[in-house]
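Structure record follows, encoded as structure tokens.
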Amino acid sequence: MDIVNLDSSVPKYLQISDWVQKLIKTGRFKKGEKLPSEIELAGMCGVNRNTLRQAISELVAKGKIRKEKGVGSFVSESDPVELKHDINKIASFKDYFGSENITEKTIVLSKDVATADKETAEKLILGKERKTVVLKRLRIGNGIPYIYEKSYLPYNIFKDIIKMDISGSLYKLIIKNFNIELTHSRQIIRAINLDAKIATLFNLPEGAAGFYMKTITYDSNNTPVEVMSSYCRGDKYILELELGKYELNKK
């Protein structure tokens with residue numbers, strides 16, 4: 001039986017991706033093992049290398065395969081972890097996983113000073129100058145990109161943050177270096193389809209499912225200190241809520 005069914009409505013690269021995942025699940029390809037070359041796999045599946053590469057990219061995005069440039073593709077050592085977002089408290093990136101077996105990494109994409117747009121300036125109560133520090137970061141767990149963050153901070157308070165290492169928890173840095181207590185936040189979450197730029201950061205195709213979060217964080221004086229736009233990949237993100245008691249409607 002052929003690996004790729006030409007009469008199927010399922011795209012060839014997804015059929016190949018599913019086939020490789022089954023081989024991994026049954027132990028034919030073991031964790032840490034190098035896969036056959038793209039040429040060999042393309043020959044096995046009867047497809048061209050572009051289709052095969054698309055299938056490998058799909059597996060990389062799912063965290064099943066990792067690629068080493070100039071070496072090849074390997075079965076991931078560990079399964080990807082789902083990210084649980086608890087809306088009941090302010091939390092750092094690692095808190096979302098609920099596991100100690102996570103190797104965290106933050107790629108700082110940029111640290112800039114910029115003029116905020118009208119909406120952001122109003123939310124941060126910036127006044128006429130509208131000057132902000134803008135931080136863009138990609139949050140990674142076990143080699144898988146989970147969140148793209150864009151934070152806006154009032155420049156007059158946080159101008160020195162440009163010189164600091166922001167590869168860890170931004171909230172811890174704010175508390176320790178600026179002596180600001182973060183007491184609460186307001187958050188809006190909605191489902192989206194990722195645009196090409198953000199999908200590329202996640203190694204996902206354009207239009208892949210994701211979540212967008214707009215978060216405003218406040219200090220003990222109820223003054224906003226950060227506006228953050230976050231984009232989360234939809235295939236690894238879980239929204240966790242704690243609900244109260246059901247009350248019988250007596251009407």
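None of the figures in this text is laboratory data; all of them are computed from the coordinates on show. These numbers come from a predicted model, not from an experiment. Cβ coordinates were reconstructed from backbone atoms using ideal geometry, including for glycine residues, and neighbour counts include every protein chain displayed.
Worth a mention:
- The chain pair-distance distribution - Cα-Cα, 5 Å bins, rounded %: 1, 5, 11, 14, 15, 14, 11, 8, 7, 6, 5, 2, 1, 0
- Taking 18 Å as the straight-line reach from the Cα of LYS25, the lysines in range (excluding those fewer than 8 positions away in the same chain) are LYS34, LYS62, LYS64.
- Note on the range 1-78: Rg/Rh from C-alpha atoms, Kirkwood Rh, equals 0.94.
- Taken as Cα centroids, the range 113-148 and the range 1-20 sit 42 Å apart, rounded to the nearest whole angstrom.
- Working ranking of peptides 10-23, 60-73 by packing, defined as the average number of other Cβ atoms within 10 Å per residue, highest first, is 10-23, 60-73.
- For the chain, a Gaussian network of Cα nodes joined below 10 Å ranks PRO36, PRO224, PRO154 by mean-square fluctuation, and the top entry is PRO36.
- Contour excess over end-to-end distance, with Cα ends at ILE166 and SER8 and 0.36 nm allotted per residue: 52.0 nm
- Start at zero, step by 5 Å, and the Cα-Cα distances of the range 114-169 spread as 4, 18, 25, 19, 15, 11, 6, 2, 0 percent across the bins.
- The range 148-227: relative contact order as a whole-number percent, Cα under 8 Å and 6+ apart: 32 percent
- Counting 0.36 nm for each residue step from ASN249 to PHE74 and taking away their Cα separation leaves a gain of 57.3 nm.
- Neighbour counting of Cβ atoms within 10 Å sorts the residues GLU119, GLU247, fewest neighbours leading, into GLU247, GLU119.
- Rel. contact order, % - alpha carbon contacts under 8 angstrom, at least six apart, the range 12-75: 42 percent
- Contour excess over end-to-end distance, with Cα ends at ASN177 and ARG190 and 0.36 nm allotted per residue: 1.4 nm
- The sum of -39500 (n - 2.57) across all DSSP H runs of n ≥ 4, divided by the residue count of the chain, sets its helix-only mean residue ellipticity at 222 nm to -7000 deg cm²/dmol.
- Relative contact order of the range 83-240, pairs being alpha-carbon contacts under 8 Å that are 6 or more residues apart, as %: 25 percent
- Computed FRET value (nearest 0.05) for SER220 with TRP19, which takes r as the C-beta separation and R₀ as 51 Å: 0.35
- For the range 103-251, fraction of C-alpha pairs farther apart than 20 Å, in %: 55 percent
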